[in-house]
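Okay, so here's the structure we're looking at.
The values are calculated or read from the model by the stated rules, or taken from the named source; none is laboratory data. No experiment lies behind these values; they were computed from the predicted model shown. Ideal geometry is used to build each Cβ from the backbone, glycine not excepted, and the neighbour counts take in all protein chains shown.
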Amino acid sequence: MALIAKILFGLITGIAFYIFGKKLLAIRRNIFIGKDLNLNDQPGRRWKNVLLLAFGQKKMFRNPLVALLHLVVYLGFIIINIELLEIIVDGITGSHRAFAPYLGSYYDFIINSFELLAALVLIACVIFYTRRNVIRLKRFISKDLTGWPRSDANTILITEIILMSLFLIMNAADTSTDFIISSHLQPFMQGLSEAQLSGIEHTAWWMHIIGIFAFMNYLPYSKHLHIILAFPNAYYASLHPKGEMHNMVSIQNEVLYAMQPELAPANATPPEKFGARDVMDLSWKNLMDAYSCTECGRCSTACPANSTGKLLSPRKIMMSTRDRLEEVGKNIDKHKQFVDDGKSLLHDYVSVEELRACTTCNACVEECPVSISPLDIILELRRSLIMEESNAPAEWNGMFSNIENNFAPWKFSPDDRDAWTSQA
């Protein structure tokens, strides 16, 4: 029977890690569908961002209580799952608490620490579930989250509550231990035989490890993929000042050559396209942003266009980009290369009305806790809309014409630019 359990555990573990690895490779492939972008400068500043934004969750601490709860869930869940190493060793070798003989008294200290964190994670998850489903904070009941996204968030919270409970029950049923939290559960098990306690412990053990493997493979399909991607996303975050837009070099050169024709190369080749119409026209960092989105809604709450009832929601922009990218990935899996499906990110997933509502204020970028820039995607889509489709309101076209002819948004000759100073 013990041999069968070892074989079964080995098969479950192997299958779980194989499926997880395969999906991560598919996500990596999807991200690098995007255009190349070199973001390897200033490594010191980039590692500082990782420490402050990903590990330290600096932006979350604008709301200290919520930040502390989130930090408990994040660090608690990651640290507690270090125990996964012992579970795997126990499952493969058939041992019981394999690390205990080697760690001595430190083992009890470590498990006690894990139990304290597990209790704190339980409390934090209950509070977060209440905020979403009982208090119903505005950003959690937005239409952006209708359907799967809302279910996804609740599924994760319930799963974490179950996993932490199983961890404590498993320890409580082990009569050879007396840990700080699970010991308070042992009175509820009084009167049970050794065989019954052993059955509860083994059942909780199996459910805990299978639950972790299930959670691990659910992660790539969930908004909680940011648990993994927050770190590289923080490292590759833009180091440019907020509000500094990335001008297209080809357009800059066109203006330069118009003013200084002698600098124009003899055989200048125009760019293939302006801006981005679909996900493959965006940079790989834009696509990593889409997968890293936590769907927390802080960007949309801070967005002035969204606050005044406009259709634009930066969170929805990121979710739509991820949905389109997943669809493109499935297309490639099916045909071994992308086959035009008659769809595009622009129009089919993100509407003209959304793009026109953006004021480019950077509030969404400033608020994002994991260094995502919805604005970069909005600007690229808007460039395609205007420069590829000539799709802009009459007021915008008038402004474009004035800038082109008068070097300013207003219809005044450059020679008369200072005339307003003489008018009372």
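Annotations for the structure displayed:
- With a requirement of 2 or more residues that are in contact with a helix residue (DSSP H, G or I) (Cβ under 7 Å, 6 or more places away or on another chain) and farther than 26 Å from C358 by Cα, the helices (runs of 4 or more DSSP H) lying completely within segment 217-319 that satisfy it span 226-235, 249-259.
- Test for M216: is it touching a residue at least 40 places away in the same chain (Cβ under 8 Å) and either surrounded by 15 or more Cβ atoms within 10 Å (Cβ to Cβ) or not assigned by TED's automatic domain parsing to the domain that holds I111 (or both): yes
- From the list K334, K330, K310, the one residue that fits, being under 17 Å from I378 (Cα atoms) and assigned by TED's automatic domain parsing to the domain that holds C364, is K310.
- Condition met for A204 (crowded, with 18+ Cβ neighbours inside 10 Å and free of Cβ contacts under 8 Å to residues at least 60 places away in the same chain): yes
- Selected residue (criterion: surrounded by the fewest Cβ atoms within 10 Å (Cβ to Cβ)) from residues of segment 223-246 that are under 20 Å from Q57 (Cα atoms) and of a type in the set (G, A, S): S238
- Matching residues, segment 33-43, being surrounded by 12 or more Cβ atoms within 10 Å (Cβ to Cβ) and out of contact with any strand residue (DSSP E or B) (no Cβ under 7 Å at 6 or more places or on another chain): I33, L39
- The residues in segment 259-276 that are surrounded by fewer than 11 Cβ atoms within 10 Å (Cβ to Cβ) and within 23 Å of S384 (Cβ to Cβ) can be counted, and the count is 4.
- Condition met for C361 (out of contact with any His (no Cβ under 8 Å at 6 or more places or on another chain) and surrounded by fewer than 21 Cβ atoms within 10 Å (Cβ to Cβ)): yes
- For segment 343-395, the candidate set comprises residues that are in a loop (DSSP other than H, G, I, E, B) and hydrophobic (A, V, I, L, M, F, W, C); within that set, the residue that is farthest from K310 (Cα to Cα) is V370.
- Unique residue being surrounded by fewer than 18 Cβ atoms within 10 Å (Cβ to Cβ), modelled with pLDDT under 85 and at negative phi when the list is S176, S113, S95, S151: S176
- Helices (runs of 4 or more DSSP H) completely within segment 15-100 that count 2 or more residues being of a type in the set (A, V, I, L, M, F, W, C): 64-80, 83-93
- The residues of segment 320-342 that are assigned to a helix (DSSP H, G or I) and among the polar types (S, T, N, Q), listed by number, are S320, T321, N331.
- Members of segment 65-124 found to be of a type in the set (D, E) and within 26 Å of the chain's Cα centre (by Cα), listed by number: E83
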